[in-house]
Structure formats: C-alpha cells, structure tokens
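K.L.:
Handing you a structure now.
The values are calculated or read from the model by the stated rules, or taken from the named source; none is laboratory data. Quick caveat: nothing in here was measured; it's all calculated off a predicted structure. Because the Cβ atoms are built from the backbone with ideal geometry, glycine has one as well, and the counts that use them run over all protein chains shown.
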Amino acid sequence: MCGIAGIYSHKPVAAELYDSIIHLQHRGQDAAGIMTYDDRMHKEKGMGLAKEVFNKTNMELLTGNIGISHNRYPTHGGFSHGEVQPFWTSVPYGIALAHNGNLTNYQELAEEITNKDSRYLNTNSDSEVLLHYFADLLHTNNPPEDSEEFFYLLCSAVTKIFKHVKGAYSVVSLVIGKGLVVFRDPQGIRPLVKGERSNGNGGKDYIFASENTMFYALGYEPKGTVLPGELIYVDEAGNVFNKRLVKKSFNPCIFEYVYFARPDATLNDVSVYRSRLRMGQNLSEAWKKKYPKKTPDIVIPAPSTANTAALSFAHELGVRYSEGLYKNTFIGRTFIMPGQDERKKSVKYKLVPQELEIRDKKVLILDDSIVRGNTSREIVRMLKDFGAKEVYFAVACPPVKSPCFYGVDMPTKEELIAGNMNENEIENYLDVDALLYQKIDDLVEAVTRKGDHHIDTPCMACLDGNYIANDIDDDKIAQMEAMRVNDRNGK
C-alpha cells in the first residue's frame, strides 16, 4: 500500500503535493517523495514521514505547476533510499512515475527490460520496472508534436501495459514537455480518485490521488473515481484527454474499506465511513444470533480504524460505547510497520487501557481485522491485567487467510493467524471468552449496499484465496513469498 497524488495547477504545486501526502500519511510511513517540473525535473525524497523529509529549503527547489508525490509502504523491493518513489528516467522526454500496487509478473518484466530492451534497473522495485516499461513504449523515432498525437501514443502504450502487466497498479506520471498522465489497472484493484477546482481565470486545476481526503483542504471538488482501465492525460495547457481503454469486471480491494482508507474518504463512489457503520450493524446482528446470552457491559474499539464499526455495533446492541483504550497518536500504525519485532514492541507503547472503563466489566473489543494476531492477543492480555471480568472479541473483517499480492503487506501465509488456525484455535490463542468474525457476504453487503459505485465483486483474495486477476497459482505464490522474505532479509 502507498499513497500517491498528481496535480496540474495554474500555480506552483509543491506545497499542495506535500499537503496531499500529509493527508495520505496513513497509507505509508516508510518514505516520501515529490517530483515537479518546469523546464526540467525537480525531485526531493527521503526515508521517514513527509514532515521529516521536507523542509522550507528543499521545498523551494521544487518549482513547477505540474507534479506528483508518493508515500511509501513497501510490499516489494528493499528499504533503502534508492527504493523511494517517484522514479524517473531521462529517455525519452524525461518521465517520472509513482505507483500504488504490486506487479505480480515483476520478475518476467524485469528480465524483459534488462535483456531485451537493455535498460538498467537500479533497484528491486516493481515501480521502477513499470516506469521503464512505460518509457520504452513511448520511445519512437517520430515524437508526436501536438497533444492529440501524444494522447494517441499514450493510448497505444497504456493498452500494451494493460495487456502485459499483471497485478494491481494505480499510476501518476510526469512527461516533460507533455504534462500529467494517470492510469489505473483494468480491474481497479487499487484506488484512484479525481477532483477539480476553478483557477479563477476560466480554467481548471486537476488532482488525482489515492483518496480524496485532501480535496476539501485544497479547494478541490470531488469528481468521482478514475475508472478501471482508464487513461487520463492533462497537457501543459490544461486540456484533458481521457479514454477507457479496457473494460473488465470492477474489483476494488475490500481491505481499503476495512482498514487502510481514512474514514472520511470516498473510494469508488462508496463512503468509507458509511461502509464501516454497516460493518458494525451486520456484525451486531450476527453476534445476537450466535451469542444471545452474552451481552457485554461496554464495547471498546481497537483504536482507531475500528472506532466507526464499534460505534454502530454498540448502538445496535444497546450497549455503551467506550474508548477504554487510549491510543498514543505519535506511534505509527502497527500493521504497516516494516518488521514483526517493531509491531510487537509498539503495541504497549501505542495502547494504554483506562482502568475505570474496564475493571469488573464484561468487555467486548471490536477490531477491524486480525492479521497476524500479535496486537489482538496483547490487547486481551492488557484488559485482563486491568481487571476485565470477561473479554469478548468481534472482528469487522472475515479471517485473513491468504497473502495479498496486490499491494498489501501480507507476505507469507505462515504469518497469518487464520492461515494456520481455525476459529476455535484462534479463540483459544487469544484467550477470549467469545470470538466472532464477520462473514464474507455480510462484509460485501456492507461495502456495496449504498452508492452508485458499479462495483462488480470486490477483490477479497486475502479472505477467500481468489486472486481476482487470475494471475496467481501455487508456483507464483512460492516465488513471490520467497522474493518478499528475501527483500526483508536484505538479500
């Protein structure tokens, strides 16, 4: 998972690109980068949070009215400065690219680029591979002069990408002398939204981002989603060209709604906040059916992604909602921390129980999901240490059983608690008095109940093992798991 943004504006864009990745910081805390251009490319990137990477001095160097930005949360490649996006190449034109997702045929594409096209890869990042593949498709002996001709070339290039590049990818790109290029994989697995605002001179500014969380602050009006298989090109004069090049089933990632997206985001024309309220509603109905005689005294969310679902769960159950776990907001999201040791270490620093809300009560913890199980088990232990009479656990997401290869850091099945235990075993492992997972059908209903979204079937590969792009088999799983383990071990 990553956060990306691309802006075309009538004024310098660096500050708004910075604000964009601040609003997308929850999507990646490993690194951040910005690239702009006027007569040439300007880049600044580094390891850590956006506020740690950028300062007044280096921001002043990022001149230009067109640019892209990126927050990194690595699911493929290493952890060095060289892996930080955006990537760029000088041939042809000068092209920069930032990407959210995961290419499942990375190895084959890397071999093709280095052996056949004689391009040098400086990193193990699939985003760099995608950049060079894109650049090679734009390389022609007769470069187009006007925007319409260039758009025709873009259509040809991106159609080939859609045909040959497998996996999930939402892309923002700069082409010097041409403008801003945006496209999304044919099944729309990773999110990409768009917005517009008047520039005060009869023209418009345009923004494209992983979420619309920064639109209000920057004055943009949401204009829906970049369609799966769609290419959008904004030339240097602000003319917009777009075409849906490939039409397949629309299969956006369901885990965005469960965990990753900010609750105030609207993705694929579905409110994340409302979908989480519905998750809590559906889960409460299932709780009443499975445990009619187990009514908690309070419902406490595992903060903060689960707050919304817990709120509606408690309301439907007629039970008091309590923020009985205080979250230290200066500790990052444990799920997206780069190592298992870091995740385990951070739990006690991150969450502090409030004893007056817990002691001598039957406490139900509601979490958005259980991935590895470390945080969940630690929370239960904390509640018991603080005097809970009984501890129940409800989960807004079904069991996460399979690794994701479309951009979420679930690298091996062995790391997933539900990949190795059934629900009774997980209940015993967590040491809870009752455990309830959301059913897949109830989760899908919660996401798709409202909105003019045109979602066919959400991608739920991590829940049902159905890799929606039909690009994963047992050999590919073994290959990609080994690649990710090697990345983490620095091999």
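K.L.:
Among the residues of region 428-442, are any farther than 22 Å from Asn307 by Cα, at pLDDT 95 or above and assigned to a loop (DSSP other than H, G, I, E, B)?
P.N.:
yes
K.L.:
List the pairs whose first member sits in region 448-468 and is under 9 Å from Phe250 (Cα atoms), whose second member is in a helix (DSSP H, G or I) and hydrophobic (A, V, I, L, M, F, W, C), and whose Cβ atoms are under 8 Å apart, counting only residues at least 6 apart or on separate chains?
P.N.:
Ile455/Val447; Thr457/Val444; Pro458/Val444; Pro458/Val447
K.L.:
If you scan region 267-317, which residues turn out to be among the charged types (D, E, K, R) and surrounded by fewer than 20 Cβ atoms within 10 Å (Cβ to Cβ)?
P.N.:
Across region 267-317, the qualifying residues are Asp269, Arg274, Glu285, Lys288, Lys289, Lys290, Lys293, Lys294, Asp297, Glu316.
K.L.:
Count, please, the residues in region 234-251 that happen to be more than 23 Å from the chain's Cα centre (by Cα) and either at pLDDT below 95 or part of a strand (DSSP E or B) (or both).
P.N.:
Residues flagged as more than 23 Å from the chain's Cα centre (by Cα) and either at pLDDT below 95 or part of a strand (DSSP E or B) (or both) within region 234-251 amount to 6.
K.L.:
Select from region 360-416 the residues that are charged (D, E, K, R) and assigned to a loop (DSSP other than H, G, I, E, B) and write down the one among them that is nearest to the chain's Cα centre (by Cα).
P.N.:
Filtering region 360-416 for residues that are charged (D, E, K, R) and assigned to a loop (DSSP other than H, G, I, E, B), the one nearest to the chain's Cα centre (by Cα) comes out as Asp409.
K.L.:
Determine if region 3-18 includes at least one residue that is touching an Asp or Glu at 6+ places or on another chain (Cβ under 6 Å), of a type in the set (A, V, I, L, M, F, W, C), touching a residue at least 60 places away in the same chain (Cβ under 8 Å) and crowded, with 24+ Cβ neighbours inside 10 Å.
P.N.:
yes
K.L.:
In addition: Hey, can you tell me all the residues within region 28-73 that are under 28 Å from Asn486 (Cα atoms), touching a residue at least 60 places away in the same chain (Cβ under 8 Å), surrounded by fewer than 22 Cβ atoms within 10 Å (Cβ to Cβ) and not acidic (Asp, Glu)?
P.N.:
Once the filter is applied, which keeps residues that are under 28 Å from Asn486 (Cα atoms), touching a residue at least 60 places away in the same chain (Cβ under 8 Å), surrounded by fewer than 22 Cβ atoms within 10 Å (Cβ to Cβ) and not acidic (Asp, Glu), region 28-73 yields only Gln29.
K.L.:
Now for a different question. So if I check each of Phe335, Phe313, Phe330, which one is in the same structural domain as Leu351 (by TED's automatic domain parsing), assigned to a helix (DSSP H, G or I), at pLDDT below 95 and not hydroxyl-bearing (Ser, Thr, Tyr)?
P.N.:
Phe335
K.L.:
Can you find, within region 357-383, the residue that is modelled with the lowest pLDDT among those that are touching a strand residue (DSSP E or B) at 6+ places or on another chain (Cβ under 9 Å) and of a type in the set (S, T, N, Q)?
P.N.:
Out of the qualifying residues, it is Thr375.
K.L.:
Sort through Gly28, Gly67, Gly3 and tell me the only one that's at pLDDT below 95 and touching a helix residue (DSSP H, G or I) at 6+ places or on another chain (Cβ under 8 Å).
P.N.:
Testing whether each residue is at pLDDT below 95 and touching a helix residue (DSSP H, G or I) at 6+ places or on another chain (Cβ under 8 Å) leaves just Gly28.
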